[in-house]
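Notes follow the structure.
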Amino acid sequence: MNRTSVPALALLAVVALVAPSGAASKGPAAGKTVHIGVIADVTGGAGVYGTPQKNAYELANEDIKSGKLDAGGASLTFDVQDAASDGAQVVNLMQKFMTDGSTPLVLGPTLSGEAFKAFPIAARANFPVMGTSTTAEGVTAMGPSVYRDSLAESQVIPTTVKRTHDKWHYKSAAVIYGDDNAFTKTDGDIFTRELKAAGVDVVDTETFHIKDTDFQPALTRIESKHPDVIAIGALFPEATKIIQQAGKLGIKAHMIGGNGLNAPDMYSVAGPSAQGTVVGAAWYSGAKYPSNLDFVKSYTAKYGKGPDQFAAQSYAAAQIVAYLVAHGATTKDEMLSGLHNVRVIQTVLGPIGFDPNRDVKSSPVILSIVKDGFTYFH
Amino acid sequence: MVAQQLLNGLFLGAVYALFAVGYTLVFGVLDILNLAHAAIFTASAFAAFSLAAAGVPLPLAFLGAAAVGGVLGVLLDRAAFAPLRRRNAGTLVPLISSIGVAIIIGAVLRGIYGVDERHFVTGALDTAQAIHLGPVTFTTVELTIFVAAVALMVGLSWVLRATTLGRRIRAVAQDRIAAALLGVDLERTIAATFFIASSLGGAAGVLTGLEYNSVTLDMGSPIELKGLAIIILGGMGSVTGAVIGGFIIGAVETLAIALGLSEWRDAITFGVMFVILVARPSGLFGKRALRQA
Amino acid sequence: MNALAEFYARHSQLIDQIGINAILALSLSVSLQAGQLALAQAAFMGIAAYVTAILTLTYHWPIVATILVAVIVATLVGAALAYPVRRLRGVFLAIATIGFGEIVRVIANNLGITGGAEGMSGLPQDANTATIYAALAIVALLLFSLSRTKFALAVALVREDEHAAAGVGVDVGTVRTLSLALGGAIAGLAGALYAHSSAFITPTDFGFERMEQILVWCVIGGVTSPLGAVLGAMFLSVLPELIRFLADYREITNGIILLLVIVFAPGGLASLWRRGPVRVRV
């Protein structure tokens, strides 16, 4: 490890609290080339999540060139490689990046299950990796070189349950979740636990499989138990159909959900029945952080569609890396000590840092769909 | 709730059945499993989306997209099956070439449409048109879909029974060599079979897209394996068997959830299939039912 | 030597995957040689992988013992599966065994001991390349010595014509049961090695997609040729990494290559240098 850089990075980390980001500066890594590996499922079953991630890094590459994203004058690029939603390819890519001699840090993969396969390899070599969408419990526990900038469901759902319960004082709830995916299964478990802890009677639990399209049998069964609230542990494609079909069946219960429901076109896809749905999430597309408004604007201009949370968390990771590079980190050891010493960085997710378990330190936002878009839930 | 669940199962089963009759038709005629059927299902749904987005009225977009599916089916046969038929490559090898075509179709769709879910212009499919009839609720869209699926299956049955083309198809299914000796143009009949089978699969894709107002790259993947289960359950090449198999699988899935066993749904579905096959090793409708269709 | 060591350091994961995939392909090739389109390899693999993982993580058994037990369990499951499907042939057998695989996957998804959809993480990754390739060599040797026995002759007879085989005194039921059990054993070995080389297993690792993959390897390699099966597994495991430079065109190229290989060499890669019919009736 480069001993001399550690105090320097620590000092700069504190300075960053007051230093505005923006115009390109000349940092200690000015003129150097830094190549960051990114593993994303651009094709295959998880392509719908990996593609916005790829988009975000390509936007970041442009923003670094134009100086909008400050890498301290270094030539920083994100090399996005497609893992095709295949665990074997994820592992191969991790090894490729770790051994190519020019990659000091890897971002991704897209899914927690893939992270559980690839991160142990990185952890054994003390190679820095950061997940941007791997929300399952135990991801960062794989080793001291494993970070993530995505809020775990366990950090989001308790607040969602508390805030909605404080407002609606509901007595009963049903939970519906995908039981063949680590993310949605965790969602279902935490919702059930938190609802019970809040004294809510969980009258029914239904499961589905990822890529299901027909939820009417499960919703019909839920409706027969008349719950006040339906908690949805799902990702966007399934969540929109659940909400839409609940509307069709005339179900009036309040809908609540987690990160998986946080996509800008929730309303336009799910339709009028999405009205009033409450979503606990790591990011709000309308948040007034300076870099966020800019990010949403330029992403929309480039791709003809607003960014979702997958894109936002990836762009935030790019901002974190740019910040580390701007402060002189170009090798794997410098990245590690840089990440270790980060206090607070301004990102599209708001000001974030890492806790001692290397999980992201930030607070969830609770959003509600009013008219045709998200606003803060009060 | 029971009535609503029965209705849910019926709607689900209708689309399964429509998907499966196309699947089984190719199977009955050529003895091959066409694993690109689900990819054509998806491609047609995207074609309908594009047509509707270009302002074509929905019924016309539906027919146009089904025709796109039919043409893709003919192309599929030329690319993946015809060369192997000439080389007499057996029945397992074409299964793999159809997987190759399915990958290509998926990659092309991704290139054209990207990964985002597409939906038909709302207005046309307003969820507000729900009909409450006694204990059940359904939408005009669901009703239309059900009627369209049943009409197509009845139409197919008529074509197979009462037309010259149908007789040719059945002759080829029964004995390819004898049919050729009797003057049936094999390649043309096979092409017609692929057109019909794939346009039905495509129609099922459009109806699925309309029913959930959602067209996605992987919308074919849940129905692929179920479709396979349905046609085997129904009996090799039996159109009647595929229809009944479709409704059985739709009903079993719905029933599993209605009984509160949603997490065991697929195990129950495949368990039922397994037990029926063990009891009737050639499926419900025997080995060669298409001959008598 | 240095270059070789460096090559290994950069590709050891892929090399290990190829070894395990080759064992899986051999396992299906055993069934196909007996003319049985029994597609339960992914399920056998999964059962063995879970047995291995549970014995390793919960009971801290040594690696060799976990592999042995897992192989025995998979063998027994294969033999037991032969009974209910004894009257099924061709695609009926295929879909029934795929159905069996789906049932196994759903059970793994619902049990507490398997960790459900969250899978089992923190596996020790203690099967190295030498272990995997030693296992592959043992399987190859076993199949090679079997190919010189009367059993192989009986298998070939059953494949070509069951009635004729029965006519000359071959016990078709026993041949079918043994070939399923042997396929189970080999797939089980692959599953146990998978659990010892991957850090994490989850039910979707052993679903229909995996089964489809194994079948594609075998057919691309040459349906009834064990060597072909190994070649097919190697070729298709390396292909996605070989054409990585194609970036956005990788997926479509993958499909085109698959289609071209099968259309121009319907007998599989093995038929490219070996003349004669390489067909199986299913």
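The values are calculated or read from the model by the stated rules, or taken from the named source; none is laboratory data. Predicted model only: the values in this text are computed from it and were never measured. With ideal geometry, Cβ positions are generated from the backbone for all residues, glycine too; neighbour counts draw on all protein chains shown. Note: areas computed on protein heavy atoms with side chains; ligands, DNA, RNA excluded. Shrake-Rupley method; radii C 1.70, N 1.55, O 1.52, S 1.80 Å.
Of the residues making up the stretch C:170-183, at least one is among the hydrophobic types (A, V, I, L, M, F, W, C) and open to solvent by 30 Å² or more (accessible area, probe 1.4 Å). Residues of the stretch A:205-218 that are open to solvent by less than 10 Å² (accessible area, probe 1.4 Å) and more than 25 Å from the chain's Cα centre (by Cα): A:Glu206, A:Phe215, A:Gln216, A:Pro217, A:Ala218.
The number of residues in the stretch B:70-119 that are within 29 Å of C:Phe92 (Cα to Cα), in a loop (DSSP other than H, G, I, E, B) and more than 7 Å from chain C (Cβ to nearest Cβ) comes to 1. For the condition open to solvent by less than 10 Å² (accessible area, probe 1.4 Å) and either without any contact (Cβ under 8 Å) to a residue 40 or more places away in the chain or under 18 Å from B:Ile104 (Cβ atoms) (or both), C:Ile262 qualifies.
For the residues C:Gln17, C:Gln41, the requirement of being surrounded by 22 or more Cβ atoms within 10 Å (Cβ to Cβ) and in contact with a Lys or Arg (Cβ under 9 Å, 6 or more places away or on another chain) singles out C:Gln41.
Condition first: open to solvent by 10 Å² or more (accessible area, probe 1.4 Å), within 11 Å of chain A (Cβ to nearest Cβ) and part of a loop (DSSP other than H, G, I, E, B). Can you find one or more residues in the stretch C:194-202 that meet it? Yes, some residue in the stretch C:194-202 is open to solvent by 10 Å² or more (accessible area, probe 1.4 Å), within 11 Å of chain A (Cβ to nearest Cβ) and part of a loop (DSSP other than H, G, I, E, B). Step by step: first the residues of the stretch A:354-364, then only those that are touching a helix residue (DSSP H, G or I) at 6+ places or on another chain (Cβ under 9 Å) and assigned to a strand (DSSP E or B), then the one that is most open to solvent (accessible area, probe 1.4 Å). Which residue is that? Looking at residues that are touching a helix residue (DSSP H, G or I) at 6+ places or on another chain (Cβ under 9 Å) and assigned to a strand (DSSP E or B), I get A:Phe354.
In the set (1) within 14 Å of chain B (Cβ to nearest Cβ); (2) closer than 30 Å to C:Glu160 by Cα, C:Asn110 fails one condition alone, (2). If you go through the stretch A:57-83 and pick out every residue that is part of a loop (DSSP other than H, G, I, E, B) and either of a type in the set (Ser, Thr, Tyr) or open to solvent by 30 Å² or more (accessible area, probe 1.4 Å) (or both), you end up with 3. Filtered by the rule that a residue be within 20 Å of C:Phe100 (Cβ to Cβ) and not in a helix (DSSP H, G or I), the stretch C:206-223 gives a lone residue, C:Gly207. Selection within the stretch B:232-276: residues that are among the aromatic types (Phe, Trp, Tyr) and within 7 Å of another protein chain (Cβ to nearest Cβ). The member of this set that is surrounded by the most Cβ atoms within 10 Å (Cβ to Cβ) is B:Phe270. Scanning the stretch A:26-49 for residues that are among the small types (Gly, Ala, Ser), within 14 Å of chain B (Cβ to nearest Cβ) and touching a residue at least 40 places away in the same chain (Cβ under 8 Å) returns A:Ala40, A:Gly44, A:Gly45, A:Ala46. Could you say whether any residue in the stretch C:237-244 is within 18 Å of the chain's Cα centre (by Cα) and either in contact (Cβ under 8 Å) with a residue 40 or more places away in the chain or within 10 Å of another protein chain (Cβ to nearest Cβ) (or both)? Yes, that holds for at least one residue.
For the stretch B:34-67, the set of residues classified as open to solvent by 60 Å² or more (accessible area, probe 1.4 Å) and part of a helix (DSSP H, G or I) consists of B:Ala53, B:Pro59, B:Leu60, B:Leu63, listed by residue number.
Give me the residue from the stretch C:245-255 that is buried (at least 16 other Cβ atoms within 10 Å of the Cβ) and at the interface with chain B (Cβ under 8 Å from one of its Cβ atoms) and, out of that set, farthest from C:Asn21 (Cα to Cα). Once the filter is applied, the top-ranked residue is C:Ile252. When A:Ala197 is tested against (1) open to solvent by less than 40 Å² (accessible area, probe 1.4 Å); (2) away from chain C (no Cβ under 14 Å), just one condition goes unmet, and that condition is (1). Screening C:Ile113 against (1) assigned to a helix (DSSP H, G or I); (2) surrounded by fewer than 18 Cβ atoms within 10 Å (Cβ to Cβ); (3) among the β-branched types (Val, Ile, Thr) leaves a single unmet condition, (1).
Would a scan of the stretch A:162-184 turn up a residue that is open to solvent by 20 Å² or more (accessible area, probe 1.4 Å), within 8 Å of another protein chain (Cβ to nearest Cβ), touching a Leu at 6+ places or on another chain (Cβ under 9 Å) and polar (S, T, N, Q)? Checking the stretch A:162-184: at least one residue is open to solvent by 20 Å² or more (accessible area, probe 1.4 Å), within 8 Å of another protein chain (Cβ to nearest Cβ), touching a Leu at 6+ places or on another chain (Cβ under 9 Å) and polar (S, T, N, Q). Scanning the stretch C:223-236 for residues that are under 21 Å from C:Ser147 (Cα atoms) and without any contact (Cβ under 8 Å) to a residue 40 or more places away in the chain yields one hit, C:Leu231. Among the residues of the stretch A:103-119, those identified as modelled with pLDDT under 95 and in a loop (DSSP other than H, G, I, E, B) are A:Gly108, A:Leu111.
Evaluation of C:Arg275 against the conditions (1) open to solvent by 20 Å² or more (accessible area, probe 1.4 Å); (2) at pLDDT 90 or above shows that the sole unmet condition is (2).
Restricting the stretch A:120-130 to residues that are in a helix (DSSP H, G or I) and either in contact with a Gly (Cβ under 8 Å, 6 or more places away or on another chain) or of a type in the set (Phe, Trp, Tyr) (or both) leaves a set whose member that is surrounded by the fewest Cβ atoms within 10 Å (Cβ to Cβ) is A:Arg124. Considering only residues that are surrounded by fewer than 23 Cβ atoms within 10 Å (Cβ to Cβ) and over 19 Å from C:Leu260 (Cα atoms), look in the stretch C:208-223 and name the one that is nearest to the other protein chains (Cβ to nearest Cβ). Selected residue: C:Phe208.
If you filter the stretch C:119-158 down to residues that are among the charged types (D, E, K, R) and not in a helix (DSSP H, G or I), you find that the one that is nearest to A:Gly113 (Cα to Cα) is C:Asp126.
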